[in-house]
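So the structure is just underneath, and the comments pick up after that.
The values are calculated or read from the model by the stated rules, or taken from the named source; none is laboratory data. Predicted, not measured: the structure shown is a model, and the values here were computed from it. Cβ atoms come from the backbone with ideal geometry, glycine included; neighbour counts cover every protein chain shown. When the accessible area is computed, the model is the full protein with side chains, heavy atoms only, and any ligands, DNA or RNA have been set aside. Shrake-Rupley method; radii C 1.70, N 1.55, O 1.52, S 1.80 Å.
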Amino acid sequence: MSAREPSAGSGPESGDHGPRPVVAVVLVAAGSGQRLGYGMPKARVPLGGEPILMHALRGIVTSGVAQQVCIALPPGDGTLRKMCDDFKGELADGGPLLTIVDGGATRTESVRSALAALEEGTQAVLVHDAARALTPESVFHRVVDSLAAGALAVIPVIPVVDTVKTVEATSDEDARIAPEVVVGTAPREKLRAVQTPQGFDLGTLMKAHREAAGFDEAQAAAITDDAMLVERLGVPVHAVRGASQSLKITTPLDLIIAEGLLEGPLGARWVEG
Ligand code: CTP
Ligand code: MG
């Protein structure tokens, strides 16, 4: 796949990898947090005394990679909107532009509405889950460095520690033995758990989402990340090292782990790059 053409004025910094593209981060925060079971949108759930959304936002801004952060919020959520507006006021001059959009009924729709609100001149986009509130700066940098070096799509990954099997529902006659039966075992050394931020050349991601707009309900329900839409285009998706701290806060146990990372006895030692 061809490398990104360095364009005039393409970003504020140049590293070893090539000129930094003009980057927008899409922060999807419009989910309802059903599995966390807190009775409020997950972005509002407190973590270390601050809402999950604020951890995610500060992480992005501190990384310094973004010229724009476009946040998809649950439609009509005045609390989260005010939080973002207040945070805008906190941002120093030269900080990223903060844009707020209404999220959609699915994550993909939330990404799509944020993509429609990106500033002209944006060259690359990082799609990030607010639920990954503790993603370290280093991960943002690895993703942007890879884009600067020519990747059209790049995702942070970590090795899978469990053996992963595919299963099918058992036949009626075997149902009394067990509900499922194993049909295959993937070679673990080749498996990676995928995180965000996922980085893309903007045109590539826009094309991938345009094609996905024609999906039927079953296909749409099967979209679990943006990279898989880009894979369908035949564009190579590159993988860089993610981080364990970047866990997606999904269940109550994840929230306990995240609290532990912030405050517990392991906290100070937890400085994985
Ligand atoms: N998300 C979104 N819009 C949706 C659904 C999800 O912006 N309609 C975002 C979530 O806010 C989250 C990320 O996508 O940051 C990953 O989704 P997930 O972890 O599933 O969060 P929720 O959908 O909120 O949780 P649940 O599925 O348990 O309801
Ligand atoms: Mg969800």
So residue 142, is it within 16 Å of ligand 2 (Cβ to nearest atom), within 16 Å of residue 201 (Cα to Cα), touching a residue at least 60 places away in the same chain (Cβ under 8 Å) and open to solvent by 10 Å² or more (accessible area, probe 1.4 Å): no
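Results for (1) surrounded by fewer than 12 Cβ atoms within 10 Å (Cβ to Cβ); (2) assigned to a strand (DSSP E or B), shown as yes or no for each residue.
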| residue | (1), (2) |
| --- | --- |
| 158 | no, yes |
| 162 | yes, no |
| 168 | yes, yes |
| 178 | yes, no |
| 183 | yes, yes |
| 193 | no, yes |
| 204 | no, no |
| 207 | no, no |
Flag if residue 33 is modelled with pLDDT of 95 or more and open to solvent by 40 Å² or more (accessible area, probe 1.4 Å): no
Selected residue (only one of 131, 114 is surrounded by 18 or more Cβ atoms within 10 Å (Cβ to Cβ) and touching a Cys at 6+ places or on another chain (Cβ under 8 Å)): 114
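Yes or no, residue by residue, for (1) touching a Lys or Arg at 6+ places or on another chain (Cβ under 7 Å); (2) of a type outside the set (A, V, I, L, M); (3) over 30 Å from residue 136 (Cα atoms):
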| residue | (1), (2), (3) |
| --- | --- |
| 166 | no, yes, yes |
| 176 | no, yes, yes |
| 184 | yes, yes, yes |
| 189 | no, yes, no |
| 203 | no, yes, no |
| 219 | no, yes, yes |
| 223 | no, no, no |
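Results for (1) under 22 Å from residue 247 (Cβ atoms); (2) in contact with a strand residue (DSSP E or B) (Cβ under 8 Å, 6 or more places away or on another chain), shown as yes or no for each residue.
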residue	(1), (2)
44	yes, yes
60	yes, yes
64	no, no
67	no, yes
80	yes, yes
84	no, yes
91	no, yes
109	no, no
Residue count for the stretch 37-46, restricted to those that are open to solvent by 10 Å² or more (accessible area, probe 1.4 Å) and either among the charged types (D, E, K, R) or within 15 Å of ligand 2 (Cβ to nearest atom) (or both): 6
Candidate set from the stretch 89-111 (those that are closer than 17 Å to residue 22 by Cβ and open to solvent by 70 Å² or more (accessible area, probe 1.4 Å)); member that is nearest to ligand 1 (Cβ to nearest atom): 97
Residue in the stretch 145-156 that is surrounded by the most Cβ atoms within 10 Å (Cβ to Cβ), counting only those that are in a helix (DSSP H, G or I) and in contact with a His (Cβ under 7 Å, 6 or more places away or on another chain): 148
Test: residue in the stretch 94-111 that is under 16 Å from residue 205 (Cβ atoms), within 16 Å of ligand 2 (Cβ to nearest atom) and of a type in the set (A, V, I, L, M): yes
Given (1) within 16 Å of ligand 2 (Cβ to nearest atom); (2) modelled with pLDDT under 95; (3) not hydroxyl-bearing (Ser, Thr, Tyr), number of the condition residue 133 does not satisfy: (2)
Members of the stretch 47-84 found to be more than 29 Å from residue 145 (Cα to Cα), in contact with a helix residue (DSSP H, G or I) (Cβ under 8 Å, 6 or more places away or on another chain) and open to solvent by 10 Å² or more (accessible area, probe 1.4 Å), listed by number: 48, 51, 74, 77, 79, 83
Count of residues meeting criterion [without any contact (Cβ under 8 Å) to a residue 24 or more places away in the chain and in a strand (DSSP E or B)] in the stretch 48-87: 1
